[in-house]
Amino acid sequence: MLDREHATKIAEKLKAEINEKRNRPHDLAVIKYNGKWIAAFGISHSSKKSEPHDHIPKSLKCSPHFCLELATCSKYLDDWVQLMREKGMIEN
């Protein structure tokens with residue numbers, strides 16, 4: 001299960017722009033590549049650190065395992081970009 005800490009690490013690793021929404025229940029992490037919006041996901045403001053962030057794999061168009069690897073430092077931005085190229089989300 002991905003939690004807020006994982007979500008934050010993934011956002012940092014993918015160099016996401018964080019759009020803070022103080023009056024909303026979550027911030028929006030926007031991932032761009034060459035200036036083009038590729039993906040986005042919410043990061044909860046909840047006081048519960050363990051609140052699930054299981055929406056991230058669907059938002060990033062990758063498996064939960066891949067997301068966990070992003071969060072735990074065995075996958076990197078280049079790996080995700082390559083995956084998005086393979087899926088046709090990013091042009092070569």
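The values are calculated or read from the model by the stated rules, or taken from the named source; none is laboratory data. Quick caveat, the model's predicted, so the values are computed rather than measured. Positions of Cβ are generated from backbone atoms using ideal geometry, with glycine treated the same way; all protein chains shown enter the neighbour counts. SASA here: full protein model, heavy atoms, side chains in, ligands and nucleic acids out. Shrake-Rupley method; radii C 1.70, N 1.55, O 1.52, S 1.80 Å.
The calculated FRET efficiency for MET1 paired with TRP37, based on their beta-carbon distance and R0 = 22 Å, is about 0.25. The residues of the chain expose, per residue, 63 Å² of accessible area to a 1.4 Å probe. On the accessible surface of the chain, probed at 1.4 Å, how many percent belong to carbon and sulfur atoms? Carbon and sulfur together cover 49 percent of it.
Run the numbers for ASP79 and GLU12: contour at 0.36 nm per residue of separation, minus the present Cα-Cα distance, in nm. Full-extension gain reported as 22.7 nm. Which loop GluC sites (Glu not before Pro) in the chain, with loop taken from DSSP, have no more than 11 other Cβ atoms within 10 angstrom of their Cβ? In loop regions of the chain (DSSP not H, G, I, E or B), the sparsely surrounded GluC sites (Glu not before Pro) are GLU20, GLU91. The length gained by stretching the chain between LYS58 and GLU86 to full extension, at 0.36 nm per residue less their Cα-Cα distance, is 8.5 nm.
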